[in-house]
Amino acid sequence: MATIKDVAALAGISYTTVSHVVNNSRPVSDAVRAKVEAAIVQLAYVPSGVARSLKARTTATIGLVLPNNSNPYFAELARGIEDACERNGYCVILCNSDDDPLKQRNYLRMLQEKRIDGLVLAAVDDASPGGEWHNLTTPLVVVDREITGVAADVVCIDHTAGAYMATRHLIERGHRRLACVNGPANASVARLRQAGFDRAVAEAGLEVPARWRIESDFTAEGGYQAGLALLKAVPPTAVFAANDMLGMGLLRAAAEQGVRVPQALSVIGFDDIHMCRYVYPALTTVGQSILALGELAAEHLLHRIQGRATGRPQRHVVAPRIVLRESTAARTPMDAEQDDVSL
Ligand code: RIB
């Protein structure tokens, strides 16, 4: 690969002058610039970002560690983060931790070694051993999942309020036989969403049998299996799925079992991933613009990196909203007859 010295030799111009042309750091005559540019083209010379970073002490690169970007929620979040970084001249290195604390720790070390300017982290959930955060020497923004005891800006949705709103949405449509399909109980977002569901059913004086409280894994397959388990004998008339992937799996199980959504079963999800619009029936859900959430997280980080935000960590909790589509409807009079025999 050609170096700046090769360009200088071919152009017959000093190394320093070539450097000024490449970095636009001092005016040079048009004739000199033309010679340098011709040599650059001939040698296919690309300036070294590494050399530039060493001098400038910035790599204009941020690290992004996510649990798993094959969940469209995290793919959309990453997109928002990348868009905001790109607009500001920053590049993003994406790492998937697969919810594995060891993998996450290794990525954090590797990113530090690459001298990232800052980090956005959707952390492996609570089970992860702490400690590694305290070695971070760059600004950190925590997104989606809070981490206790870490001094960092936090950007997330109000998980509990969202689950409460989703469950209220079902109760206000007359449903009494409610189920909840959630992620793993060791995940903080699952526990927060469970709390929202529990509060809404308790306020309404509803009982939810244990078999209608299903702990799953935030995947479509998990939702599908939960759906098959729920749709037996006298099933619930409405389900709160604690993310959209679970909700979509439930829609599939209902279709296979001949249970019509929303006529016989209402399903509401959480997140508002883009795909909700295209499944059939389109999934009613609760959420906020995921892209905007990602952009917000990136902006918090860039403000810290560029010294535009200083002082105590900020907590930015976004209020969710119901996104009404086709998968929820009012309970029917026939459902009402079954209510008493079902529990
Ligand atoms: O990890 C799964 C879930 O956590 C996502 O779907 C999203 O809801 C996030 O908060």
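The values are calculated or read from the model by the stated rules, or taken from the named source; none is laboratory data. Because the structure is predicted, anything quoted here is derived from the model rather than measured. Every residue, glycine among them, receives a Cβ derived from its backbone with ideal geometry; neighbour counts consider all protein chains shown. For accessibility, only protein heavy atoms count, side chains too; no ligands or nucleic acids. Shrake-Rupley method; radii C 1.70, N 1.55, O 1.52, S 1.80 Å.
Quick notes on this structure:
- Kirkwood-Stokes translational diffusion coefficient of region 263-343, alpha-carbon pairs, 10 °C, 1.306 mPa s, µm²/s: 99
- Solvent exposure of the chain as accessible area per residue, Å², 1.4 Å probe: 48
- For Val239, the residues 5 or more places off, or on other chains, whose built amide H falls under 5 Å of its own are Ala179, Ser266, Val267, Ile268.
- Placed amide H near Gly118: partners under 5 Å, 5+ positions off or other chain: Gly63
- Using alpha carbons only: equivalent-ellipsoid semi-axes of region 1-71, gyration tensor based, whole Å: 33, 14, 10
- Shown for the chain: lysine pairs separated by 8 or more places, or found on different chains, whose C-alpha atoms are under 26 Å apart, numbering 6.
- Cα gyration tensor shape of region 152-237, rounded if a/c is under 1.5, else prolate or oblate by comparing a/b with b/c: oblate
- Simple spin-label estimate for Gln42 and Leu54 in nanometres, 7 Å along Cα-Cβ: 2.7
- For region 198-343, taking Cα atoms only, Rg and Dmax work out to 18.7, 63 Å respectively.
- Near Ile171, once Lys and Arg are set to +1 and Asp and Glu to -1 for all other residues with Cβ below 12 Å from its Cβ, the sum equals +4.
- Estimated D of the chain in µm² per second, where Rh is the Kirkwood radius over Cα pairs and Stokes-Einstein applies at 25 °C, 0.890 mPa s: 108
- Burial order of peptide ranges 226-239, 208-221 (average beta-carbon count within 10 Å, highest first): 226-239, 208-221
- Ligands, DNA and RNA excluded, the heavy atoms of Thr310 present near 110 Å² of accessible surface to a 1.4 Å solvent probe.
- The order of the peptides 5-13, 76-84 by mean Cβ neighbours within 10 Å, most packed first, is 76-84, 5-13.
- Cα convex hull of region 195-272, projected area averaged across orientations, nm²: 5.1
- Nonpolar atom fraction for the chain, defined as the carbon and sulfur part of the 1.4 Å probe accessible area, stands at 53 percent.
- Taking the alpha carbon gyration tensor of region 254-295, multiplying each eigenvalue by 5 and rooting it gives semi-axes of 26, 9, 6 Å, largest first.
- Length available on full extension from Lys5 to Lys114: 0.36 nm per residue minus the Cα-Cα distance, which gives 36.7 nm.
- Against the rule of thumb 2.2 N^0.38 Å, how large the Cα Rg of region 32-96 comes out: 1.60
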